[in-house]
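Undergrad: First, the structure itself, so that you have it in front of you.
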């Protein structure tokens with residue numbers, strides 16, 4: 001008797017070529033669409049339901065074994081905002097330390113950011129007479145260093161905990177380039193405003209830029225979690241296989257032979273009757 005196939009998840013009988021029976025379940029629970037079971041497994045990543053059937057507890061067989069990425073960040077936005085705000089306030093104090101170092105090196109940082117433009121260099125020094133411009137400049141310089149250290153630390157931690165490192169970096173590369181450009185904006189934005197004679201606009205917009213950059217640091221953890229999910233789902237080339245009773249018997253026999261002791265007959269103790 002031929003039983004009509006029906007997906008135990010969506011209860012539909014179409015997409016006949018997608019039907020598989022990946023576990024020991026029988027009857028109406030035997031068949032399931034491969035697309036339906038894969039969606040179910042995606043919802044249960046890192047849970048029991050990803051690896052085995054929740055009804056018969058049979059562990060699924062796949063075309064290849066793949067270690068799932070599990071390292072994720074518990075992102076609490078309020079904590080990131082508060083810690084970022086505290087860092088920004090402290091940057092005005094730490095910036096003064098950078099100023100003391102800069103003075104000993106004949107204002108080296110200003111020379112670097114003005115790219116040897118003497119006119120811009122002099123106008124910048126005149127602006128520094130104003131305490132506001134002076135404080136914002138060295139605060140931004142400190143935050144630039146902090147952003148880069150934070151990002152380097154972030155990738156050192158994540159790459160240490162991720163298995164497919166090249167894939168991870170490839171999926172993160174656009175965001176990484178974007179971050180590097182923005183975290184180091186002081187090296188080109190200030191020069192741009194200086195060339196057109198609008199240095200003051202840089203200092204006025206600086207606090208707003210830093211608010212965005214602090215948000216961007218928080219987004220790193222969000223982006224990381226999205227990429228981990230993509231690696232486990234979209235870039236997961238595992239294929240769920242049908243249950244094969246013959247293969248199971250062969251496998252169980254091989255395991256039994258490996259685990260058990262081989263029994264041999266001792267012919268020396270056999271008595272042969274005359």
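Undergrad: Looking only at the stretch 98-111, which residues are outside any loop (DSSP other than H, G, I, E, B) and without any contact (Cβ under 8 Å) to a residue 12 or more places away in the chain?
TA: Of everything in the stretch 98-111, those that are outside any loop (DSSP other than H, G, I, E, B) and without any contact (Cβ under 8 Å) to a residue 12 or more places away in the chain turn out to be 100, 101, 103, 104, 108, 111.
Undergrad: Is there any pair with a first residue in the stretch 149-174 that is not assigned by TED's automatic domain parsing to the domain that holds residue 226 and a second that is modelled with pLDDT of 95 or more whose Cβ atoms are under 7 Å apart and which are 6 or more apart or on different chains, and what are they?
TA: The qualifying pairs do not exist here.
Undergrad: Report, by residue number, each residue of the stretch 53-70 that is assigned to a loop (DSSP other than H, G, I, E, B), surrounded by 14 or more Cβ atoms within 10 Å (Cβ to Cβ) and modelled with pLDDT of 75 or more.
TA: Passing the criteria: 53, 58, 60, 61, 68, 69.
Undergrad: Which of the helices (runs of 4 or more DSSP H) found entirely inside the stretch 119-212 contain at least 1 residues meeting this: modelled with pLDDT of 90 or more, in contact with a helix residue (DSSP H, G or I) (Cβ under 8 Å, 6 or more places away or on another chain) and closer than 29 Å to residue 225 by Cβ?
TA: Working: elements: 131-161, 165-183, 186-195.
Helices (runs of 4 or more DSSP H) meeting the threshold: 131-161, 165-183.
Undergrad: Within the stretch 11-19, identify whether any single residue is touching a residue at least 24 places away in the same chain (Cβ under 8 Å) and under 30 Å from residue 228 (Cα atoms), and answer yes or no.
TA: First, the residues of the stretch 11-19 that are touching a residue at least 24 places away in the same chain (Cβ under 8 Å): none.
No, there is no match, as no residue in the stretch 11-19 is touching a residue at least 24 places away in the same chain (Cβ under 8 Å) and under 30 Å from residue 228 (Cα atoms).
Undergrad: Moving to a separate point now. Of all residues in the stretch 20-48, which are surrounded by fewer than 13 Cβ atoms within 10 Å (Cβ to Cβ) and either in contact (Cβ under 8 Å) with a residue 60 or more places away in the chain or on the phi > 0 side of the Ramachandran plot (or both)?
TA: Hits for the stretch 20-48 are 27, 46.
Undergrad: Taking the stretch 11-52 as the region of interest, how many residues are part of a loop (DSSP other than H, G, I, E, B) and out of contact with any strand residue (DSSP E or B) (no Cβ under 6 Å at 6 or more places or on another chain)?
TA: Result for the stretch 11-52: 14.
The values are calculated or read from the model by the stated rules, or taken from the named source; none is laboratory data. Every value quoted in this text rests on a predicted model; they were computed, and no experiment measured them. Virtual Cβ from ideal backbone geometry, glycine too; neighbours counted across all protein chains shown.
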